[in-house]
Amino acid sequence: MIAVSCCDSTISESGGPLTVQGNSPEEKAAYALFDLNFRSQLRMMGNAFWGSPVRGRLILLACGLLTIILVTAYGQVKLNEWNAPFYNALERRDINAFIHQLEVFAIIAGCLLLLNVFQTWLNQMTALNMREGLAKDMVDQWLKPGRAAKLASFGTIAINPDQRLHDDVRNLAESSTALAIGLVNATIILVSFIGVLWGLSAGFALEIGGKMVAIPGYMVWAALLYAGSASLLSNLVGYRLVPLNAERYSKEAELRFSLMRASENLTAITLSRGEKNERHRIRGDIDAVLGVIRGLAMALTHLTWVSAGYGWLAIVAPILIAAPVYFSGNLTFGGLMMAVGAFNQVNVALRWYIDNFGPIASWKATLQRVSIFRHALIQMDSVERHGNAIEVERVATDIVRLSAIEIIPDAGGQDGRRTFRLREDPVEIAVGDRVMINGDQGVNRRLFFAAIAGLWPWGRGKITVPPREEILFIAQHGYMPAAPLREILSYPRAPQKFKEDEFLAAMEACGLGHIIPKMNDAIRWDQKFDSDEQACIRVANALLLKPRWLFIDDLLEGLEKHTIDRLVAVLNGMRDTAVVYIGRSEAFMETMSPRTLHLDLEQQL
């Protein structure tokens, strides 16, 4: 038997996620728990890579890429050396030498073409495997028992996790691969061609005060100065790109969520004549996205002054730098073109950071979002230790015990002035017991439900519960996976674990006999069923799983009387299960005569 938490997240009294909105001090303090500097972000994702099952494949692909890049760099050096005899042949008008150099070019260019094609394939396979490993790791971390629901209480860090798990993970995998390969390639090209440039400028000397002063490797220093100045200006001009990219990803996610939420609730919006309200809300999200994009557009425009300006200057810069050696007679025309080619290769390698400043800024933004999200998920196993915390102990036991339970409604547990506590203390619930938990007006009973489930740690006291497979939680607004009804009824266990007559008996008992012929249909049952039928499905799920303890969050509220009577009768027939109903129900009271517990609201000065 597998424990099931039918609640899709920790929920507020209105049924929405328990997230802290805005920039409250509590939200900022909670977010600060998970913040990481750049080195820690790299370490976090490095640990994810090292523990990934795709690590071996990625290492093999990396070795293959490195080999291809090294061979390609060698081919580019040979191609650059080919410039000298080729242009010298042109200068001499030597047709035979010209044709021979064309043959040499065909061989070198053909080999480089094959290497480029193979490198492109390796690039794509590396990005594919990188995304596979990262995406599966993030989903595994997100769906560890209890983590995602706990994280939902921490405000900004938990907003739109689908954005971080899909778009951010995809962008990080693809950009990490592209940037890493580009950096390695630029480094190898730089090392390969600096030697060529150094040798070509060895004979250069300036006449200063009647003396000839040699400047060893002056073309190397010129290239370093040229690219270095461009890098410095790019940093100064484009420093705002990283935070702007991070903000854009966040606003894009909020817009997509608003559109998705409106799409899924079109009928309710239409019946409420709320199109104008939703249009205004979505337009606000669109304006927020556009505002960030305007900032990005201006930042990129300013950066273009640097990148494009240095790009155009690069057309004549190597010729101007090599011209003194050429006009002094120490360099042939072919040697000049060879020097220009080598300078351009060194310049391109040194300018890699400049040309990729925008992609690097985007990569750092996605790295920040993904690494901090992963860090927050990992910390969910221990984060409640920071401040007030309800201790949840899971042991092999025949009794659920609640000792000195006090709930702090504030996410983060920083404000303990407004609390509510369980009046009876201690409370023991044995198998077969019937219990109802009520509360004063203003008490959020669902926080108590979430606390018992281990999803709301803020408060005080101790909860002793059995292992997860012996306990089941039914939320008022539960989750139905996109799957055949048979799989929904047995969720999260496999349908094959149950006999056909067990399915039929559970459905008949809960008044679902009319849909038995459709048990194998895979449709959106959450949209097909009304609230009464969804409640029946959740109770049928409990009948199949047969937990020893069943905690129910006000499931009967708002249902039709005949549905309430049927479900209460089914629950009363579960003699080997402790049924704990958190909420108010006259039918539950009359039929099951439960022991009643109370949650008292306390306002402390």
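Structure summary
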{"item": "Selection status of residue 51, open to solvent by 30 Å² or more (accessible area, probe 1.4 Å), within 27 Å of the chain's Cα centre (by Cα), at pLDDT 80 or above and more than 30 Å from residue 189 (Cβ to Cβ)", "result": "yes"}
{"item": "Failed condition for residue 513, given (1) open to solvent by 60 Å² or more (accessible area, probe 1.4 Å); (2) touching a helix residue (DSSP H, G or I) at 6+ places or on another chain (Cβ under 8 Å)", "result": "(1)"}
{"item": "Helices (runs of 4 or more DSSP H) (entirely within segment 165-268) containing at least 3 residues that are within 20 Å of the chain's Cα centre (by Cα) and at pLDDT below 80", "result": "241-264"}
{"item": "Filter pass, residue 586 being among the charged types (D, E, K, R), closer than 27 Å to residue 421 by Cβ and free of Cβ contacts under 8 Å to residues at least 24 places away in the same chain", "result": "yes"}
{"item": "Filter pass, residue 590 being within 42 Å of the chain's Cα centre (by Cα) and either within 25 Å of residue 398 (Cβ to Cβ) or open to solvent by 20 Å² or more (accessible area, probe 1.4 Å) (or both)", "result": "no"}
{"item": "Qualifying position, being assigned to a loop (DSSP other than H, G, I, E, B), among the β-branched types (Val, Ile, Thr) and out of contact with any strand residue (DSSP E or B) (no Cβ under 7 Å at 6 or more places or on another chain), among 515, 537, 523", "result": "523"}
{"item": "The listed residue being surrounded by 15 or more Cβ atoms within 10 Å (Cβ to Cβ), within 21 Å of residue 430 (Cα to Cα) and touching an Asp or Glu at 6+ places or on another chain (Cβ under 8 Å), out of 539, 570, 579", "result": "579"}
{"item": "Subset of segment 490-505 (residues that are without any contact (Cβ under 8 Å) to a residue 12 or more places away in the chain and loosely packed, with under 14 Cβ neighbours inside 10 Å)", "result": "494, 496, 497, 499, 500, 501"}
{"item": "The lone exception for residue 409 - which of (1) surrounded by fewer than 20 Cβ atoms within 10 Å (Cβ to Cβ); (2) modelled with pLDDT under 85 it fails", "result": "(1)"}
{"item": "Sole residue being under 26 Å from residue 394 (Cβ atoms), out of contact with any strand residue (DSSP E or B) (no Cβ under 8 Å at 6 or more places or on another chain), open to solvent by 60 Å² or more (accessible area, probe 1.4 Å) and in a helix (DSSP H, G or I), chosen from 508, 487, 469", "result": "469"}
{"item": "Filter result for the condition that a residue is touching a residue at least 40 places away in the same chain (Cβ under 8 Å), more than 24 Å from residue 77 (Cα to Cα), in a helix (DSSP H, G or I) and open to solvent by 40 Å² or more (accessible area, probe 1.4 Å), over 286, 293", "result": "293"}
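The values are calculated or read from the model by the stated rules, or taken from the named source; none is laboratory data. Computed from a predicted model, the values in this text were never measured in an experiment. Every residue, glycine as well, gets a Cβ built from its backbone with ideal geometry; the counts of neighbours run over all protein chains shown. Protein only, heavy atoms only, side chains kept; ligands, DNA and RNA dropped before computing areas. Shrake-Rupley method; radii C 1.70, N 1.55, O 1.52, S 1.80 Å.
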